[in-house]
Structure formats: structure tokens, C-alpha cells
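Structure first, commentary second.
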Amino acid sequence: MPIYALVLTSPPNQPSLSDFAVNRAFSVIPEALRRGQRWLAVNEAWEAELATNEGETIADIKADVSFALKGLTLDINIVAGDQQARRKKLLVADMESTIIEQECLDELAEFVGLREHVATITARAMRGELDFEAAIKERVGLLAGLDVAALQEVYDKRVTLMPGAATLVRTMQANGATCALVSGGFDFFAARIKERLGFDDFQANRLEIAGDKLTGGIASPILGREAKLAALERYTQELGIPASATMATGDGANDLAMIKASALGVAFRAKPVVAAQAAAAITYGDLTALLFLQGYAKDEIVV
């Protein structure tokens, strides 16, 4: 009989899980399906194991738990697999608004006085309202003539890591996983984030530069939604691992194909269109929550 885990996580800086909350959640699971429960991190992450052949039952349980815990700042997910199967051997992660807190194009646009305009296009593209390739070409075109020194200034002064990013990569690598950064952003930033966090590999788009100025062009082929999916498939084949051992995470519509294709696809602080279609969604927690979804307890996490 298939095994699942109901996982509750809360923001680590504002833990909101209590004995009352987890007991209420556990009581919602039909007694015949229960296989046990445990704290992964006291007041921060908890899981209950259950077994059922009925997929509809899983959806019903999640809905019932969500109703029972309504009003609490919690992420409620049900993931498939026993403890061993839940621990993935490949992580493919988006960079902007996922591994880092910024959208680098929006930051660069401030140097040419167009931040609000570019940020609006970015948001629409991430919601899936605009074609990604057309949107990135339009935004990059607005940066024509910008001095390349602005790239380093953005990285040095504006780029910040998403809380839990380093912990996620270190812990998964310590347990034999490969971690790849696959970004629709730019290699200038992705290469630096790869080194900073120790990712095993990265892919990203490349800005065209001439005479120390951005030309307003972007090198082909553009890495978008289908290229991210292809990267997930390529890493899976190269590593010789089953699809069941893969995890992908991101926030935008261009991440959705790889999120849906991976065994554990996580919409991280994502746009509604992404969160609605992903197997799991983290809205309140940080990236450490992706470890809890895999069944890691706090004393197994590498900080």
C-alpha cells in the first residue's frame, strides 16, 4: 500500500506549530490509515505517516487538515513515499526569487530609471501572462548602453540569499545529492551564486556585451520553460538516477514544467498559477522546508 507523509511546516523565525495543532491535524487522518507521527523540528516541522490506495483520500485529508488549522501560519503538504524514497538525489533549483531574494533584471533596471516598468513585466511573465522569451528580450533591450559595472554593483550590494538556501544545498549534498542551479536569469549572477553556495552545476542566459556596455541583446538560445525541463531530464540521465529521485523548485511560470516533471515539485513562495499545479507548495517557510518535505529531522540538517 502506498505510503504518504502529511508535513506541516512554519516559518523558523515565527514557529507556530503547537502540540494542539499537530494533535488536531493527526486526528483528521482516518485512524485506519495512520502509521505514526513525529516532530522533525519542535514547533517548526512535524509529519504524520499514512497509507492508502485512494488518491482522492489524500486530497480530502489535505483539505480537511487545512480547514482544521485555518488561521495558522503554516504550510500543509502531503508528499508520497516512505522515508528512503522521499530523500532525493537531484535538486534542480531556479535562482531568482527562489535561491536569491531578488529579480536581477528589476535591480538592473533601476540604473536606467525603469525599475517599476520592468518589474511589472517581470511579474506578468512569472504569472504566465506573457511569453517568457519575448518578455526577457523586451526587458534586456531596455538596458542597452548600461555599463557592465552595474552587474557587479547589483551582485555586491543588492543580491541576498534566500534564508535556508545554504542549508538546503549542504544537507542534500552531504546525503549524496547533486544540486544544480537552472536560471532564466543571467550567468554573471548564476556563476557567482553557484560558487557561493557550492552548487554542482549551473545554467543561465548570457547578456551580450560590447565595449563594457550592455548591447540590449541576449545570447541564443534563451533558457526558458522548456530548457529548464530539458535540464532536469539531462541531469537525471547523466546521473543515472530514476525520475522518482528528483526534486525541482521555483516560483514562476517558466519553472512549472520542471516542477511538474520532477518527483517532488515544490512551488516556493510562488505565483498562484505555479502553486496550484505543484505537488507541494511552501508559502511561509524558508528553503529549509524543502528538507522537511524529504523527511529530514533538525539534527540531520547541515547548517
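Scanning segment 174-183 for residues being closer than 13 Å to Val92 by Cβ and not aliphatic (A, V, I, L, M) gives a total of 3. One residue stands out among those in segment 130-147 that are free of Cβ contacts under 8 Å to residues at least 60 places away in the same chain and not basic (Lys, Arg): the one that is surrounded by the most Cβ atoms within 10 Å (Cβ to Cβ), which is Ala135. Consider segment 83-107 and keep the residues that are in a loop (DSSP other than H, G, I, E, B) and not basic (Lys, Arg). The one that is surrounded by the fewest Cβ atoms within 10 Å (Cβ to Cβ) is Glu101.
Looking at (1) within 20 Å of Ile136 (Cβ to Cβ); (2) surrounded by fewer than 21 Cβ atoms within 10 Å (Cβ to Cβ), which one does Gly211 not meet, given that it meets all the others? Every listed condition holds for Gly211 apart from (1). Of the residues making up segment 238-289, those that are closer than 23 Å to Ile121 by Cβ and in a helix (DSSP H, G or I) are Ala253, Asn254, Asp255, Leu256, Ala257, Met258, Ile259, Pro272, Val273, Val274, Ala275. If the condition is being assigned to a strand (DSSP E or B) and more than 26 Å from Arg269 (Cβ to Cβ), then segment 39-82 contributes Glu49, Leu50, Ala51. Scanning segment 36-59 for residues being surrounded by fewer than 19 Cβ atoms within 10 Å (Cβ to Cβ) and over 23 Å from Ser262 (Cα atoms) gives a total of 6. When Asp64, Asp82 are checked against the criterion of being at pLDDT below 95 and either among the aliphatic types (A, V, I, L, M) or not assigned by TED's automatic domain parsing to the domain that holds Ser183 (or both), Asp82 stands alone in meeting it.
This table checks each residue for (1) of a type in the set (S, T, N, Q); (2) without any contact (Cβ under 8 Å) to a residue 40 or more places away in the chain.
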site	(1), (2)
Thr215	yes, no
Pro221	no, yes
Gly224	no, no
Gly240	no, yes
Ala261	no, yes
Ala267	no, yes
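Of the numbered criteria (1) part of a helix (DSSP H, G or I); (2) in contact with a Lys or Arg (Cβ under 6 Å, 6 or more places away or on another chain); (3) not small (Gly, Ala, Ser), the one Tyr235 fails is (2).
Being within 13 Å of Leu207 (Cβ to Cβ) and among the acidic types (Asp, Glu) holds for only one residue in Asp187, Asp156, Asp131, and it is Asp187. One residue alone among Ala245, Ala297, Ala289 is of a type in the set (Gly, Ala, Ser) and under 14 Å from the mean Cα position of the chain (by Cα), and that residue is Ala289.
The values are calculated or read from the model by the stated rules, or taken from the named source; none is laboratory data. Predicted, not measured: the structure shown is a model, and the values here were computed from it. A quick note on method: Cβ atoms are made from the backbone with ideal geometry, for glycine too, and the neighbour counts reach across all protein chains shown.
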